[in-house]
């Protein structure tokens, strides 16, 4: 078995790993986009609620209603901060996954180059062997004609 054939399973495993890392990176990016969308929705909802709170305050609110509005606005603000924290973590995860993918892609490309180099070497050896056989065959034919 030639070196190229021995290296092909290793190259396939590296290629599989690279595709897997790329898939994970894509999924992490989609999760981040979803998180950013949710953050935007929370911010819009908080702003709308705050405007309603102001409008209601201008027309006069009773103390329990005022406390409820403030409490809910506070919870919305906390949810926004938590979402921003989750987004920051997701960005770090994406950076790590991007690095993993870059490394696995480099490894897969390097192994692919090695396999191709071995294949070229093996093909060159095979061509030389065939040429040698052809030369020997021609030499034997010429030798027989002289006899």
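The values are calculated or read from the model by the stated rules, or taken from the named source; none is laboratory data. Worth saying up front: this structure is predicted, and the values here are computed from it rather than measured. Positions of Cβ are generated from backbone atoms using ideal geometry, with glycine treated the same way; all protein chains shown enter the neighbour counts.
When the criteria are applied in full, residue 29 fails the requirement of being part of a helix (DSSP H, G or I) and under 30 Å from residue 118 (Cα atoms). So for region 82-100 (the condition being assigned to a helix (DSSP H, G or I), exposed (fewer than 12 other Cβ atoms within 10 Å of the Cβ) and modelled with pLDDT under 95), does at least one residue qualify? For region 82-100, residues assigned to a helix (DSSP H, G or I), exposed (fewer than 12 other Cβ atoms within 10 Å of the Cβ) and modelled with pLDDT under 95: absent. Outside any helix (DSSP H, G or I) and either at pLDDT 95 or above or surrounded by 10 or more Cβ atoms within 10 Å (Cβ to Cβ) (or both): does that describe residue 61? It is true that residue 61 is outside any helix (DSSP H, G or I) and either at pLDDT 95 or above or surrounded by 10 or more Cβ atoms within 10 Å (Cβ to Cβ) (or both).
Just one residue in the set 24, 15 is closer than 17 Å to residue 98 by Cβ, touching a residue at least 24 places away in the same chain (Cβ under 8 Å), surrounded by 13 or more Cβ atoms within 10 Å (Cβ to Cβ) and within 17 Å of the chain's Cα centre (by Cα); that residue is 24. Restricting the first member to region 116-131 and to residues that are modelled with pLDDT of 90 or more, and the second to residues that are in a helix (DSSP H, G or I), the beta-carbon pairs closer than 6 Å and six or more apart or on different chains are 118/3; 118/4; 119/4; 122/4. For the criterion of being part of a helix (DSSP H, G or I) and in contact (Cβ under 8 Å) with a residue 40 or more places away in the chain, residue 7 passes.
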